[in-house]
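**Q** Sharing a structure, written as structure tokens. Questions coming.
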Amino acid sequence: MGKIIAMAGKGGTGKTTIAAAMVRLIKERKMGSVIAIDADPNSNLAQSLGVENRSNIGEILDGIGEKVPQGMTKDRFIQLKVQAAIQEEYGFDLLSMGKPEGPGCYCYVNNILRSVMAGLVKDYDYIIIDNEAGLEHLSRRTSRLADILIVVSDSSVVGLRSAKKVIELVNELKFEVKKSYLLVNRFNKDIREEQVKETGLDYLGNLPADPGLEKISLEGKSVFELRPDTVFLKAFNLLGDRIWKHN
């Protein structure tokens, strides 16, 4: 059974970069098969992974009612099309949610994504989910289950409060989350122990600001173009060690 690792948190904290870095870590350590799921309608995960986003669930759903073959149910047809939309890349696979058109489409996309997840946990050793910013995707129950939930924040009071709101909503909706962590990205000041405790999350650690990472982000390059000895990757690998040690 595959291990689901989901990212959550407010916008601008670097969730997508961290999701991509997690894929790189699993690939380079040869830990097993991995699929990256871009559950953010803005779909930036492919770029962070250095690949082209060729298809997404939103596009599949547009006008789907006119394409269903006779004798096949709509749900079955969509499941087959979604499976076909999984991109096989070098060392990992990718599935993007995309941005569906029309009112009420997000709920339907989320329902499809949940049904697909049941199959993915059987097909892959690791499923990395880059969720959209904010709390709306959680209230729509995009990520009903995660073995590990990483709530990404910055060092600000606003960021830490947002992290607290995420885990409060997770508990309120009774998500099946085995372990939830706080990860502070672009760390630039000390955080008091009581601030971490107030979030209700276990503190995974922090990642320092890295000029090399900022440069590739501005240039639209991927985390695979980062040198292994960069400050960010060295720190991220240590955090990865902590995750695998305790899970």
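**Q** Residue under question is Phe187, and the condition is that it be more than 17 Å from Val152 (Cα to Cα), in contact with a strand residue (DSSP E or B) (Cβ under 9 Å, 6 or more places away or on another chain) and surrounded by 12 or more Cβ atoms within 10 Å (Cβ to Cβ); does it hold?
**A** On the way: more than 17 Å from Val152 (Cα to Cα): no; in contact with a strand residue (DSSP E or B) (Cβ under 9 Å, 6 or more places away or on another chain): yes; surrounded by 12 or more Cβ atoms within 10 Å (Cβ to Cβ): yes.
Considered against the rule, which asks whether it is more than 17 Å from Val152 (Cα to Cα), in contact with a strand residue (DSSP E or B) (Cβ under 9 Å, 6 or more places away or on another chain) and surrounded by 12 or more Cβ atoms within 10 Å (Cβ to Cβ), Phe187 comes out as no.
Residue by residue, here is whether (1) open to solvent by 30 Å² or more (accessible area, probe 1.4 Å); (2) in a loop (DSSP other than H, G, I, E, B); (3) at pLDDT below 70 holds:
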residue	(1), (2), (3)
Gly102	yes, yes, yes
Cys107	yes, no, yes
Ile112	no, no, yes
Leu120	no, no, no
Ile129	no, no, no
Ala146	no, no, no
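**Q** Return the pairs, sorted by first residue and then second, in which the second residue is hydrophobic (A, V, I, L, M, F, W, C) and surrounded by fewer than 24 Cβ atoms within 10 Å (Cβ to Cβ), the first residue lies in the stretch 2-22 and is part of a loop (DSSP other than H, G, I, E, B) and at pLDDT below 90, the beta carbons are less than 7 Å apart, and the residues are 6+ apart or on different chains.
**A** Qualifying pairs under 7 Å: Gly2/Leu120; Gly2/Val121; Gly2/Ile127; Lys10/Ala133; Gly11/Ala133.
**Q** Let me ask you something else. Does Lys197 qualify as being under 26 Å from Tyr126 (Cα atoms), surrounded by fewer than 22 Cβ atoms within 10 Å (Cβ to Cβ), of a type outside the set (A, V, I, L, M) and at pLDDT 80 or above? Walk me through how you get there before you give the answer.
**A** Details: under 26 Å from Tyr126 (Cα atoms): no; surrounded by fewer than 22 Cβ atoms within 10 Å (Cβ to Cβ): yes; of a type outside the set (A, V, I, L, M): yes; at pLDDT 80 or above: yes.
Answer is no for this residue.
**Q** Further, regarding this structure: On the given criteria, is Lys30 in a loop (DSSP other than H, G, I, E, B), in contact (Cβ under 8 Å) with a residue 40 or more places away in the chain and farther than 17 Å from Met117 by Cβ? First the steps, then the outcome.
**A** Values: in a loop (DSSP other than H, G, I, E, B): yes; in contact (Cβ under 8 Å) with a residue 40 or more places away in the chain: no; farther than 17 Å from Met117 by Cβ: yes.
Judged against the criteria, Lys30 is not a match.
**Q** Next up: Any idea how many residues of the stretch 131-144 are modelled with pLDDT under 65 and in a strand (DSSP E or B)?
**A** Let us first name the residues in the stretch 131-144 that are modelled with pLDDT under 65, namely 134-144.
Retained after the next criterion (residues that are in a strand (DSSP E or B)): none.
Within the stretch 131-144, residues that are modelled with pLDDT under 65 and in a strand (DSSP E or B) number 0.
The values are calculated or read from the model by the stated rules, or taken from the named source; none is laboratory data. In this text, all values refer to a predicted model and were calculated from it rather than measured experimentally. Don't worry about glycine lacking a Cβ; one is built from the backbone with ideal geometry, like all the others, and counts go over all protein chains shown. We work out accessible area using only protein heavy atoms, side chains counted, and drop any ligands, DNA or RNA first. Shrake-Rupley method; radii C 1.70, N 1.55, O 1.52, S 1.80 Å.
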